[in-house]
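Before any comments, here is the structure.
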Amino acid sequence: MVITSWEGHRWNKKKVPLTASEISNLWTSYQANSMSICVLKYFSATAQDLDIKSVIEFALGVAEKQYHDVKEIFRSEGVAIPLGFTEDDVDVNAPRLLSDAFALEYVKHMASIGMMTYSAALYISTRADVRECFHTAMISTIELDKKSTEVLLDKGIYMRPPYINLPEKVDFVKDQSFLSGWFGERRPITGLEITNLFINMITNSLGKALIMGFSQVVQSKDIRKYLIRGKQISTKQLSVFGSILKDEDVDTPRSWESHVTDSTIPPFSDKLMLFHVVSLIASGIGNYGVALSTSPRKDIAAHYARLLSEIALYAEDGANLMIKHGWMEEPPRAADRKALV
(Lines give C-alpha, C1' and ligand atoms only; values in the text may rest on other atoms or scores of the structure.)
Protein backbone atom coordinates (compact mmCIF):
# COMPACT_ATOMS: atom_id res chain seq x y z
CA MET A 1 0.00 0.00 0.00
CA VAL A 2 1.25 3.51 -0.86
CA ILE A 3 0.43 6.54 1.28
CA THR A 4 0.57 10.08 -0.07
CA SER A 5 -0.44 13.47 1.22
CA TRP A 6 -0.90 16.85 -0.40
CA GLU A 7 1.35 19.48 1.17
CA GLY A 8 1.86 22.89 -0.32
CA HIS A 9 0.76 21.80 -3.81
CA ARG A 10 3.41 19.06 -3.84
CA TRP A 11 3.08 15.32 -3.35
CA ASN A 12 4.72 14.01 -0.21
CA LYS A 13 5.83 10.66 -1.65
CA LYS A 14 6.06 7.89 0.90
CA LYS A 15 4.70 5.32 -1.51
CA VAL A 16 2.36 6.06 -4.39
CA PRO A 17 -0.75 3.85 -4.52
CA LEU A 18 -2.04 2.28 -7.71
CA THR A 19 -4.71 4.43 -9.33
CA ALA A 20 -8.00 2.97 -10.56
CA SER A 21 -6.77 3.10 -14.17
CA GLU A 22 -3.42 1.49 -13.32
CA ILE A 23 -4.83 -1.47 -11.45
CA SER A 24 -7.59 -1.95 -14.05
CA ASN A 25 -5.18 -1.90 -16.99
CA LEU A 26 -2.78 -4.24 -15.19
CA TRP A 27 -5.65 -6.62 -14.37
CA THR A 28 -6.91 -6.60 -17.96
CA SER A 29 -3.39 -7.13 -19.28
CA TYR A 30 -2.90 -10.11 -16.96
CA GLN A 31 -6.12 -11.75 -18.16
CA ALA A 32 -5.35 -11.17 -21.84
CA ASN A 33 -1.76 -12.38 -21.62
CA SER A 34 -2.67 -15.50 -19.64
CA MET A 35 -5.03 -16.36 -22.50
CA SER A 36 -2.46 -15.47 -25.17
CA ILE A 37 0.13 -17.73 -23.54
CA CYS A 38 -2.22 -20.70 -23.91
CA VAL A 39 -3.08 -19.91 -27.54
CA LEU A 40 0.53 -19.23 -28.55
CA LYS A 41 1.82 -22.40 -26.88
CA TYR A 42 -0.65 -24.37 -28.97
CA PHE A 43 0.22 -22.51 -32.18
CA SER A 44 3.92 -23.09 -31.50
CA ALA A 45 3.35 -26.81 -30.91
CA THR A 46 1.42 -27.23 -34.18
CA ALA A 47 3.47 -24.87 -36.40
CA GLN A 48 5.29 -26.52 -39.30
CA ASP A 49 6.86 -23.47 -40.97
CA LEU A 50 10.03 -22.60 -39.04
CA ASP A 51 9.91 -18.87 -39.87
CA ILE A 52 6.35 -18.60 -38.62
CA LYS A 53 7.15 -20.72 -35.56
CA SER A 54 9.96 -18.28 -34.70
CA VAL A 55 7.52 -15.32 -34.73
CA ILE A 56 5.01 -17.27 -32.63
CA GLU A 57 7.68 -18.08 -30.04
CA PHE A 58 8.78 -14.43 -29.94
CA ALA A 59 5.13 -13.47 -29.32
CA LEU A 60 4.95 -16.09 -26.57
CA GLY A 61 7.99 -14.56 -24.89
CA VAL A 62 6.43 -11.09 -25.01
CA ALA A 63 3.18 -12.38 -23.44
CA GLU A 64 5.02 -14.35 -20.73
CA LYS A 65 7.17 -11.36 -19.72
CA GLN A 66 4.18 -9.03 -19.42
CA TYR A 67 2.27 -11.71 -17.51
CA HIS A 68 5.09 -12.12 -14.96
CA ASP A 69 5.78 -8.36 -14.70
CA VAL A 70 2.14 -7.67 -13.81
CA LYS A 71 2.07 -10.57 -11.36
CA GLU A 72 5.13 -9.14 -9.58
CA ILE A 73 3.48 -5.71 -9.20
CA PHE A 74 0.35 -7.35 -7.81
CA ARG A 75 2.39 -9.39 -5.33
CA SER A 76 4.29 -6.32 -4.12
CA GLU A 77 0.99 -4.51 -3.53
CA GLY A 78 -0.83 -7.42 -1.90
CA VAL A 79 -3.36 -7.50 -4.76
CA ALA A 80 -5.19 -10.79 -5.30
CA ILE A 81 -3.69 -12.52 -8.35
CA PRO A 82 -6.42 -13.17 -10.95
CA LEU A 83 -7.00 -16.76 -12.00
CA GLY A 84 -6.96 -15.98 -15.70
CA PHE A 85 -6.03 -19.01 -17.81
CA THR A 86 -3.70 -21.87 -16.98
CA GLU A 87 -2.31 -25.07 -18.47
CA ASP A 88 -5.71 -26.64 -17.81
CA ASP A 89 -7.16 -24.42 -20.55
CA VAL A 90 -4.93 -25.69 -23.38
CA ASP A 91 -3.99 -29.04 -24.89
CA VAL A 92 -0.83 -28.53 -26.96
CA ASN A 93 -1.09 -32.12 -28.19
CA ALA A 94 -4.43 -31.53 -29.91
CA PRO A 95 -4.38 -31.78 -33.73
CA ARG A 96 -3.89 -28.68 -35.81
CA LEU A 97 -7.07 -26.59 -35.99
CA LEU A 98 -5.78 -23.56 -37.92
CA SER A 99 -3.05 -23.11 -40.53
CA ASP A 100 0.37 -21.57 -39.96
CA ALA A 101 -0.58 -18.64 -42.22
CA PHE A 102 -3.62 -17.96 -40.06
CA ALA A 103 -1.50 -18.16 -36.88
CA LEU A 104 0.91 -15.58 -38.32
CA GLU A 105 -1.88 -13.17 -39.32
CA TYR A 106 -3.45 -13.77 -35.90
CA VAL A 107 -0.18 -12.76 -34.20
CA LYS A 108 -0.01 -9.55 -36.23
CA HIS A 109 -3.62 -8.74 -35.38
CA MET A 110 -3.06 -9.32 -31.67
CA ALA A 111 0.07 -7.16 -31.85
CA SER A 112 -2.02 -4.30 -33.27
CA ILE A 113 -4.49 -4.65 -30.38
CA GLY A 114 -1.57 -4.73 -27.93
CA MET A 115 0.01 -1.56 -29.33
CA MET A 116 -3.24 0.38 -28.93
CA THR A 117 -3.95 -1.06 -25.48
CA TYR A 118 -0.48 -0.50 -24.05
CA SER A 119 -0.17 3.03 -25.44
CA ALA A 120 -3.47 4.00 -23.80
CA ALA A 121 -2.43 2.33 -20.53
CA LEU A 122 0.95 4.09 -20.59
CA TYR A 123 -0.69 7.46 -21.21
CA ILE A 124 -2.94 7.21 -18.15
CA SER A 125 -0.32 5.67 -15.80
CA THR A 126 1.89 7.73 -13.48
CA ARG A 127 3.69 5.33 -11.15
CA ALA A 128 7.21 4.57 -12.36
CA ASP A 129 7.08 0.76 -12.16
CA VAL A 130 3.68 0.63 -13.90
CA ARG A 131 4.85 2.97 -16.65
CA GLU A 132 7.96 0.85 -17.13
CA CYS A 133 5.83 -2.27 -17.32
CA PHE A 134 3.59 -0.87 -20.07
CA HIS A 135 6.48 0.85 -21.86
CA THR A 136 8.41 -2.40 -22.08
CA ALA A 137 5.31 -4.25 -23.27
CA MET A 138 4.61 -1.63 -25.94
CA ILE A 139 8.19 -1.65 -27.29
CA SER A 140 8.17 -5.47 -27.42
CA THR A 141 4.78 -5.47 -29.15
CA ILE A 142 6.01 -2.99 -31.75
CA GLU A 143 8.91 -5.34 -32.45
CA LEU A 144 6.44 -8.24 -32.70
CA ASP A 145 4.42 -6.30 -35.27
CA LYS A 146 7.61 -5.67 -37.23
CA LYS A 147 8.64 -9.34 -37.19
CA SER A 148 5.20 -10.64 -38.12
CA THR A 149 4.85 -8.12 -40.96
CA GLU A 150 8.27 -9.03 -42.37
CA VAL A 151 7.45 -12.75 -42.43
CA LEU A 152 4.01 -12.09 -43.94
CA LEU A 153 5.73 -10.11 -46.70
CA ASP A 154 8.45 -12.73 -47.20
CA LYS A 155 5.81 -15.47 -47.51
CA GLY A 156 3.80 -13.38 -49.97
CA ILE A 157 0.67 -13.52 -47.83
CA TYR A 158 0.59 -9.94 -46.50
CA MET A 159 -2.69 -8.27 -47.43
CA ARG A 160 -1.86 -4.75 -48.58
CA PRO A 161 -4.67 -2.21 -48.43
CA PRO A 162 -5.99 -0.97 -51.80
CA TYR A 163 -4.22 1.76 -53.76
CA ILE A 164 -5.77 5.10 -54.75
CA ASN A 165 -4.64 7.91 -57.03
CA LEU A 166 -2.19 10.32 -55.43
CA PRO A 167 -3.57 13.89 -55.06
CA GLU A 168 -1.83 16.29 -57.45
CA LYS A 169 -3.28 19.52 -56.03
CA VAL A 170 -4.95 20.94 -52.94
CA ASP A 171 -8.75 21.04 -53.16
CA PHE A 172 -11.61 21.96 -50.83
CA VAL A 173 -15.10 20.56 -50.26
CA LYS A 174 -17.51 22.80 -52.15
CA ASP A 175 -20.96 21.74 -50.90
CA GLN A 176 -22.91 19.51 -48.53
CA SER A 177 -23.03 16.66 -51.04
CA PHE A 178 -19.66 15.57 -49.61
CA LEU A 179 -21.63 14.22 -46.64
CA SER A 180 -24.49 12.62 -48.58
CA GLY A 181 -24.75 8.92 -49.29
CA TRP A 182 -28.33 7.73 -49.33
CA PHE A 183 -29.82 9.98 -52.01
CA GLY A 184 -28.43 11.84 -54.99
CA GLU A 185 -24.96 11.50 -56.39
CA ARG A 186 -22.50 9.96 -53.92
CA ARG A 187 -18.95 11.18 -53.88
CA PRO A 188 -16.11 8.66 -54.27
CA ILE A 189 -15.01 7.01 -51.04
CA THR A 190 -12.09 8.62 -49.18
CA GLY A 191 -8.80 6.88 -48.44
CA LEU A 192 -9.55 6.84 -44.71
CA GLU A 193 -12.97 5.29 -45.31
CA ILE A 194 -11.31 2.62 -47.47
CA THR A 195 -8.75 1.97 -44.74
CA ASN A 196 -11.36 1.47 -42.03
CA LEU A 197 -13.53 -0.78 -44.22
CA PHE A 198 -10.50 -2.86 -45.21
CA ILE A 199 -9.28 -3.25 -41.61
CA ASN A 200 -12.75 -4.18 -40.39
CA MET A 201 -13.06 -6.77 -43.15
CA ILE A 202 -9.72 -8.32 -42.15
CA THR A 203 -10.66 -8.48 -38.46
CA ASN A 204 -14.12 -9.86 -39.25
CA SER A 205 -12.64 -12.50 -41.54
CA LEU A 206 -10.10 -13.56 -38.92
CA GLY A 207 -12.80 -13.65 -36.27
CA LYS A 208 -15.11 -15.65 -38.51
CA ALA A 209 -12.43 -18.30 -39.17
CA LEU A 210 -11.56 -18.49 -35.47
CA ILE A 211 -15.24 -18.89 -34.56
CA MET A 212 -15.62 -21.59 -37.22
CA GLY A 213 -12.73 -23.53 -35.69
CA PHE A 214 -14.00 -23.05 -32.14
CA SER A 215 -17.53 -24.15 -33.08
CA GLN A 216 -16.11 -27.46 -34.38
CA VAL A 217 -14.39 -28.31 -31.11
CA VAL A 218 -16.43 -26.63 -28.34
CA GLN A 219 -18.14 -29.03 -25.95
CA SER A 220 -20.97 -26.89 -24.55
CA LYS A 221 -24.14 -26.81 -26.67
CA ASP A 222 -25.16 -23.29 -25.66
CA ILE A 223 -21.69 -21.93 -26.46
CA ARG A 224 -21.70 -23.74 -29.83
CA LYS A 225 -25.03 -22.10 -30.60
CA TYR A 226 -23.54 -18.74 -29.63
CA LEU A 227 -20.53 -19.27 -31.89
CA ILE A 228 -22.69 -20.29 -34.86
CA ARG A 229 -24.62 -17.06 -34.39
CA GLY A 230 -21.32 -15.17 -34.37
CA LYS A 231 -20.34 -16.74 -37.69
CA GLN A 232 -23.65 -15.59 -39.19
CA ILE A 233 -23.12 -12.05 -37.91
CA SER A 234 -19.59 -11.95 -39.34
CA THR A 235 -20.82 -13.23 -42.72
CA LYS A 236 -23.47 -10.52 -42.90
CA GLN A 237 -21.15 -7.72 -41.83
CA LEU A 238 -18.45 -8.83 -44.27
CA SER A 239 -21.09 -8.67 -47.01
CA VAL A 240 -22.01 -5.09 -46.05
CA PHE A 241 -18.40 -3.85 -46.00
CA GLY A 242 -17.51 -5.76 -49.15
CA SER A 243 -20.47 -4.37 -51.10
CA ILE A 244 -19.39 -0.79 -50.29
CA LEU A 245 -15.85 -1.42 -51.56
CA LYS A 246 -17.03 -3.32 -54.63
CA ASP A 247 -19.43 -0.52 -55.56
CA GLU A 248 -16.39 1.77 -55.57
CA ASP A 249 -14.33 -0.74 -57.63
CA VAL A 250 -11.96 -1.18 -54.69
CA ASP A 251 -10.29 -4.51 -53.85
CA THR A 252 -11.46 -6.48 -50.81
CA PRO A 253 -9.23 -8.65 -48.57
CA ARG A 254 -9.28 -12.43 -48.88
CA SER A 255 -11.11 -14.66 -46.42
CA TRP A 256 -9.57 -17.11 -43.93
CA GLU A 257 -12.24 -19.83 -43.83
CA SER A 258 -10.13 -22.26 -45.88
CA HIS A 259 -7.42 -22.10 -43.19
CA VAL A 260 -9.61 -24.02 -40.70
CA THR A 261 -8.96 -27.78 -40.63
CA ASP A 262 -11.57 -30.50 -40.08
CA SER A 263 -10.37 -31.31 -36.54
CA THR A 264 -13.05 -31.79 -33.87
CA ILE A 265 -10.65 -32.30 -30.94
CA PRO A 266 -10.55 -29.19 -28.69
CA PRO A 267 -7.14 -27.57 -28.14
CA PHE A 268 -8.69 -25.07 -25.70
CA SER A 269 -11.21 -25.10 -22.89
CA ASP A 270 -14.73 -23.81 -23.55
CA LYS A 271 -13.98 -21.04 -21.06
CA LEU A 272 -10.97 -19.82 -23.04
CA MET A 273 -12.76 -19.97 -26.39
CA LEU A 274 -15.76 -18.01 -25.13
CA PHE A 275 -13.55 -15.42 -23.42
CA HIS A 276 -11.47 -15.06 -26.57
CA VAL A 277 -14.50 -14.41 -28.77
CA VAL A 278 -15.98 -11.86 -26.35
CA SER A 279 -12.59 -10.09 -26.14
CA LEU A 280 -12.30 -9.87 -29.92
CA ILE A 281 -15.81 -8.42 -30.12
CA ALA A 282 -14.81 -5.72 -27.61
CA SER A 283 -11.87 -4.83 -29.85
CA GLY A 284 -14.19 -4.78 -32.86
CA ILE A 285 -16.55 -2.38 -31.12
CA GLY A 286 -13.61 0.00 -30.67
CA ASN A 287 -12.68 -0.30 -34.35
CA TYR A 288 -16.24 0.42 -35.44
CA GLY A 289 -16.38 3.46 -33.18
CA VAL A 290 -13.22 4.89 -34.75
CA ALA A 291 -14.52 4.15 -38.25
CA LEU A 292 -17.87 5.77 -37.46
CA SER A 293 -16.19 8.96 -36.22
CA THR A 294 -14.00 9.25 -39.34
CA SER A 295 -16.56 8.42 -42.06
CA PRO A 296 -18.23 11.65 -43.26
CA ARG A 297 -20.41 9.89 -45.84
CA LYS A 298 -23.77 9.35 -44.18
CA ASP A 299 -24.55 5.92 -45.63
CA ILE A 300 -21.22 4.47 -44.42
CA ALA A 301 -21.59 6.03 -40.97
CA ALA A 302 -25.13 4.64 -40.70
CA HIS A 303 -23.89 1.13 -41.54
CA TYR A 304 -21.30 1.33 -38.77
CA ALA A 305 -23.86 2.59 -36.24
CA ARG A 306 -26.27 -0.24 -37.07
CA LEU A 307 -23.62 -2.98 -37.11
CA LEU A 308 -22.00 -1.67 -33.92
CA SER A 309 -25.26 -2.07 -31.99
CA GLU A 310 -25.57 -5.63 -33.32
CA ILE A 311 -22.13 -6.74 -32.13
CA ALA A 312 -22.56 -4.90 -28.82
CA LEU A 313 -25.65 -7.02 -28.16
CA TYR A 314 -23.72 -10.14 -29.21
CA ALA A 315 -20.93 -9.24 -26.77
CA GLU A 316 -23.46 -8.79 -23.96
CA ASP A 317 -24.93 -12.22 -24.65
CA GLY A 318 -21.41 -13.67 -24.52
CA ALA A 319 -20.80 -12.03 -21.16
CA ASN A 320 -24.07 -13.48 -19.88
CA LEU A 321 -22.92 -16.93 -20.97
CA MET A 322 -19.66 -16.47 -19.06
CA ILE A 323 -21.62 -15.49 -15.95
CA LYS A 324 -23.96 -18.46 -16.40
CA HIS A 325 -21.01 -20.88 -16.47
CA GLY A 326 -19.26 -19.14 -13.55
CA TRP A 327 -16.26 -18.08 -15.65
CA MET A 328 -16.34 -14.28 -15.43
CA GLU A 329 -13.83 -12.93 -12.92
CA GLU A 330 -14.94 -9.66 -11.38
CA PRO A 331 -12.61 -6.79 -12.35
CA PRO A 332 -11.33 -4.22 -9.82
CA ARG A 333 -14.09 -1.79 -8.88
CA ALA A 334 -14.90 1.04 -6.50
CA ALA A 335 -16.08 0.27 -2.97
CA ASP A 336 -19.83 -0.08 -2.50
CA ARG A 337 -20.29 2.90 -0.17
CA LYS A 338 -24.02 2.30 0.34
CA ALA A 339 -23.34 -1.27 1.48
CA LEU A 340 -20.57 -0.07 3.80
CA VAL A 341 -22.90 2.50 5.40
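The values are calculated or read from the model by the stated rules, or taken from the named source; none is laboratory data. Everything quoted here is computed from the prediction, not taken from an experiment. Reconstructed Cβ throughout: ideal geometry from the backbone, glycine too, with neighbour counts over all protein chains shown. The accessibility values were calculated without ligands, DNA or RNA, using every heavy atom of the protein model including side chains. Shrake-Rupley method; radii C 1.70, N 1.55, O 1.52, S 1.80 Å.
Side notes on the structure shown:
- If the convex hull is drawn through the Cα atoms of the chain, its volume per residue in Å³: 196 Å³
- Compactness check for the stretch 204-314: Cα Rg over 2.2 N^0.38 Å is 1.15.
- Pairs beyond 19 Å (Cα-Cα), from Lys41/Lys146; Lys155/Lys231; Lys41/Lys65; Lys208/Lys236; Lys53/Lys146: Lys41/Lys146; Lys155/Lys231
- Surface accessible to a 1.4 Å probe, per residue, for the residues of the chain, Å²: 53 Å²
- The candidates His135, His325, arranged from most to least accessible area with a 1.4 Å probe in the full protein assembly, appear as His135, His325.
- Selection from Ser21, Gly84, Val107 lying farthest towards where the dipole of the stretch 1-151 points positive, charges on Cβ: Ser21
- The charge dipole of the chain, taken about the Cα centre with unit charges on the Cβ atoms of Lys, Arg (+1) and Asp, Glu (-1), comes to about 780 debye, rounded to the nearest 20.
- Only Lys, Arg (+1) and Asp, Glu (-1) charged, at Cβ; the stretch 232-341 dipole about Cα centre in debye: 440 debye
- Using θ = phi - 60° and Karplus 6.51 cos²θ - 1.76 cosθ + 1.60, couplings along the stretch 218-223 (whole Hz; Gly, Pro as x): 5, 8, 6, 5, 6, 6
- In sequence order, calculated HN-Hα J values of the stretch 47-52 (Karplus, 6.51, -1.76, 1.60; Hz; x Gly/Pro): 5, 10, 7, 5, 5, 5
- Taking trypsin sites (Lys or Arg not before Pro) across the stretch 296-335, the ones in a DSSP loop with at most 14 further Cβ atoms lying within 10 angstrom of their Cβ are Arg333.
- Taking every alpha-carbon pair in the stretch 1-149 and binning the separations at 5 Å intervals from zero gives 2, 10, 18, 19, 17, 13, 9, 6, 3, 2, 1, 1, 0 percent.
- 17 Å Cα-Cα reach of Lys174 towards aspartates and glutamates, excluding residues that sit fewer than 8 places from it in its own chain: Glu185
- Accessible area (Å², 1.4 Å probe, nearest 10) - Trp327: 60 Å²
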